[in-house]
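Let me begin by presenting the structure, written as structure tokens, before commenting on it.
We did not get these values from a lab; they are worked out from the coordinates using the rules stated. Fair warning: this is a prediction, and the values are worked out from it, not measured in the lab. Positions of Cβ are backbone-derived with ideal geometry, glycine not excepted, and every protein chain shown enters the neighbour counts.
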Amino acid sequence: MQGNRIIGEAAIRAGCRFYAGYPITPQNEIPEYMAENLRKVEGGVFIQSESEIAAINMVAGAASAGARAMTSSSGPGISLKQEGISSMAAQELPGVIVNMMRGGPGLGNIRPSQGDYFQATRGGGHGDYRTIVLAPGTCQELADLTMDAFDLADRYRIPVVLLADGMIGQMMEPVVFKEPKPRQYSADYVLKGAGTGKAKTIKGLILDPLDMEEHNWKLDRKYRVIAAKETRCEIFNTDEADIVVVAYGTAARVAKGAIKRLGDHGIKAGLFRPISLWPFPTEELRRLAGTRKEFFVFEMSTGQMLEDVRLALQGYADIAFHGRPGGVVPTPVELANVIVRQYRRDR
Amino acid sequence: MIVKTIFSGFGGQGVLMMGYSFAHGAMSEGYEVTYLPAYGAEVRGGTANCTVAVGDEEIASPIASEPDYLVVLNTPSLYTFQNRIAGGGLLFLNSSIISARPSRQDMEVFAVPASDIAEELGNARAFNTVMMGAFLKRTSLVKPEIYLKSLETVMGSKKKAVVEINRKAFSAGYDFLKA
Amino acid sequence: MKKVFSRPESLRKKFVFHYCPGCGHSIAHRVIAEIIDELGVRGTTIGVPPAGCAVLAYNYFDVDMIEAMHGRGPAVATGIKRVRPECLVFSYQGDGDLAAIGIAETFHAANRGENFTIIFMNNAVYGMTGGQMAPTTLLDQKSTTSPPGRNAVLDGYPVRISEILAMLPGTAYIERCTVNSPANIVKTKRAIKKAFQYQLDGRGFSLIEILSPCPTNWKMSPIDACRWIDDVMSKQFPIGVIKDEPAKAAGKEGAGHDR
């Protein structure tokens, strides 16, 4: 199945019953899949919205009414959604936002890129907040993480960003959909009319600065729990490695291809692949630095995750970097050659 | 074992369908598979290509730095990809419309007059299936019956005439090359 | 003794409206609350207040509410209504919210014929931020960002949103009212009640525009503000029913929505 369509199918299986979105390449197959299939499901709502801004706000409305809701877009559209994502973070509404990254900034191009790492992992909109960010590397992970994203969004009442790129969205791999977990969430915030009880309000405007400060600290406490419990990563082939490549998503696939070739050059290399970008698997990476001293960060950007790697390793290891921004996906051979040159220069 | 194939031609020649049906067939054979189309802004007329990786182990990168096999349906594609193919690789080209031949000597070239064969069968558009027959004859990655089933699945066509012409075209391509 | 006047059940018990003396918001709030009581739908009503003076509406209404970002009320209301078609859903929006920053959300919710109601408070000025020019500010009307008066060449023209939306086939019922006199308040109440009833009957998108006095930013006494609506503002924005073509008995699921 094609990556974008896998996201749609996994979302529906996970109980997503509301999708709003606006066309933008390279993620158009997601709204197309939802248009075709979500409306066939009991209670399923698909809306092609007038804008990205409207889409995220529809998602907020649907989430406040208790639905599992999702929107998807790519770079420029995600920028437009930031107002709504910030609002959802403030109002503690669950929701899933898919970003199939393309080359930027501005309109950029439609090729695969990883330039939205900062935007995704630093909140992205205004104010003191975070979103959980998951970065799938395979079509199978697209399916699994889409389902997990809904669970995490419910568990923490937080917007969850699925951060992939045009390559994973367009490619096809066989995929097995896991059995979705039954939805577990505390529905006490959900609006359905007050019935005979007290009226509920969902708001983000808190005019008293001390109250607003407390709300910020409350969110921060939640983020600390998430940071402690929800990191994910894949560690591959590092036991004997002379050098550890750090890469996520599509870049990690290229890196794995390169690592296999490095053996021919007599270099033992392993891979550290963050799957949760926020929270970043800092501890896991730091543990590796206890025994390995050479790290090589590869991103399809000018170096964004690089900063989180530096923060994690804090000078305890040497970090080299190779970046291809703007929509370029290097080949494993190219990356292997770069790593070989780097490694030999350091010797 | 991991082998990577690039299919390339004009948009509209069915390049993506060739790759997709091949990937589907390989999946049915139990292989690990990735299918990666090159997507662009235009839909028709431009060049289209896709990469299919087939292996019995996890496929790390779906991109082919050095494809093992190359199937080209037009001349620009031959020029674009001929130097990327791995040494000792196999090149399949539609010789009905490509008169050029690669200058490299370290690969095996199979010139298949696919368009002519398809025309003789009465449906010039089936030339891509002729190419697939030749390709699978030589590479043996997917058994003919399994491939034809996959082709029917991904095309979603129940029309008997379409199924019939594709079977004929495939056999013609398959029989054209010696094993 | 028979009780002839009391606080509506759909308003909270203990509060004083924070709105300025002579402001139309408190009247509109009360009217809406009375209607919700009369229709007996407090328990199934969800309101969407805007960014603007009425952002604190949830401190007054005793119904479920979610605050929307500036201009996004119709998108939020769309999400809610599609998930809970059985609820009475209304968004409450000012002229800047609806006619400027939220014009796309408003226009397209109307065009989709979303089965909810917009209460559109038009006071021809940005109230909360201190009296800047709004899309509905009249020509020659002074505001803090049109100090010599609105100039058509430099600032454009006042927008008649209700008439524009009435041209869309998706809209069912649109009326312009005002709350500048007891008689007009009664008419406003009748209009909103009709809009809510249409919604409950699944007959499509409705919008009630209310010309609302803003004595503070108009720099007038409350009485002069009420008079100004009659003498000046309603010439640009004529009072009355603009469209009344409800979708035919689409049922409670919404006006023909393929859900």
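A Cβ-based charge dipole, computed about the Cα centre of the protein assembly as shown with Lys and Arg at +1 and Asp and Glu at -1, lands at about 1220 debye. Between A:D242 and B:E57, the simple spin-label model (points 7 angstrom out along Cα→Cβ) gives 2.0 nm. Only aspartates and glutamates eight or more places from C:K3 in sequence, or on another chain, were considered; those with a Cα closer than 18 Å are C:E34, C:D37, C:E38.
Highest mobility in the GNM of chain C, judged by mean-square fluctuation with C-alpha springs under 10 Å and restricted to C:S181, C:S206, C:S162, is found for C:S181.
Express the C-alpha Rg of the range A:136-177 as a ratio against the empirical globular expectation 2.2 N^0.38 Å, rounded to two decimals.
So the Cα radius of gyration is 1.23 times the expected 2.2 N^0.38 Å.
Sequentially through the range A:309-314, phi angles give Karplus couplings (6.51, -1.76, 1.60; θ = phi - 60°) of 5, 4, 4, 6, 8, 6 Hz, Gly and Pro residues having no value and appearing as x. Taking Lys and Arg as +1 and Asp and Glu as -1, the other residues whose beta-carbon sits under 15 Å from that of A:S51 total -1.
For the range A:3-229, the fraction of C-alpha pairs farther apart than 22 angstrom is 48 percent.
How would you classify the range A:1-85 from its alpha-carbon gyration tensor, with a ≥ b ≥ c the square roots of the eigenvalues: rounded for a/c under 1.5, else prolate if a/b is greater than b/c, otherwise oblate?
Oblate, since a/c reaches 1.5 and b/c is not below a/b.
In this structure, the pairs whose alpha-carbon distance is over 31 Å, taken from A:K203/C:K193; C:K81/C:K243; A:K256/B:K149, are A:K256/B:K149.
Here the simple spin-label model places points 7 Å from the Cα toward Cβ, and for C:V186 and A:K203 these points are separated by 3.5 nm.
Extending 7 Å from the Cα toward the beta-carbon at both A:E36 and A:R287 defines two label points whose distance is 4.3 nm. Taken over the alpha carbons of the range C:35-174 as equal point scatterers, the Debye sum produces base-10 log I(q)/I(0) values at 0.14 Å⁻¹ of -0.66. Counting, for every residue in A:186-193, the Cβ atoms of other protein chains within 10 Å of its Cβ and taking the mean gives 5.
Only Lys, Arg, Asp and Glu carry charge here, each on its Cβ (+1 for the first two, -1 for the last two); on that basis the range A:3-229 has a dipole of about 480 debye about its Cα centre. For chain B, a Kirkwood radius taken over Cα pairs fed into Stokes-Einstein (4 °C, viscosity 1.567 mPa s) yields D = 81 µm²/s. Applying both filters, DSSP loop and at most 11 other Cβ atoms within 10 Å, to the GluC sites (Glu not before Pro) of the range A:176-246 gives A:E240.
Quickly estimate the mean residue ellipticity at 222 nm for the protein assembly as shown, helices only: each DSSP H run with n ≥ 4 gives -39500 (n - 2.57), and the total goes over all residues, rounded to 500.
Per the formula, -11500 deg cm²/dmol.
Does the range A:46-153 come out rounded, prolate or oblate by the C-alpha gyration tensor, with a ≥ b ≥ c the root eigenvalues, rounded set by a/c under 1.5 and, if not, prolate when a/b is larger than b/c and oblate if not? Taking the square roots of the gyration eigenvalues as a ≥ b ≥ c, the range A:46-153 is rounded.
Loop-located trypsin sites (Lys or Arg not before Pro) in the range B:91-173 (DSSP state not H, G, I, E or B) with no more than 15 neighbouring Cβ atoms inside 10 Å: B:R104, B:K158, B:K159.
Here the Gaussian network model covers chain A, with springs between Cα atoms less than 10 Å apart; of A:G327, A:G193, A:G104, A:G193 fluctuates the most. Shielding by partners for peptide C:82-90, expressed as the average number of C-beta atoms from other protein chains within 10 Å of each residue's C-beta, is 6.
With a ≥ b ≥ c taken as the square roots of the eigenvalues of the C-alpha gyration tensor of chain C, please select rounded if a/c is under 1.5 and otherwise prolate if a/b is larger than b/c or oblate if it is not? Don't skip to the answer; put the middle values down first.
Working: a/c = 1.68, a/b = 1.24, b/c = 1.36.
In terms of gyration-tensor shape, oblate.
Counting 0.36 nm for each residue step from C:E38 to C:Q236 and taking away their Cα separation leaves a gain of 68.0 nm. Applying Stokes-Einstein at 4 °C and 1.567 mPa s to the Kirkwood radius of the protein assembly as shown, computed over alpha-carbon pairs, gives a translational diffusion coefficient of 44 µm² s⁻¹. Taking Cα atoms only, the orientation of helix A:75-91 departs from the longest principal axis of chain A by about 60 degrees. Take each residue in A:169-178, count the other chain C-beta atoms within 10 Å of its C-beta, and the mean is 5. Counting only aspartates and glutamates at least 8 places from A:K181 when in the same chain, those with an alpha carbon closer than 13 Å to its own are A:D144, A:D148, A:D151, A:D154.
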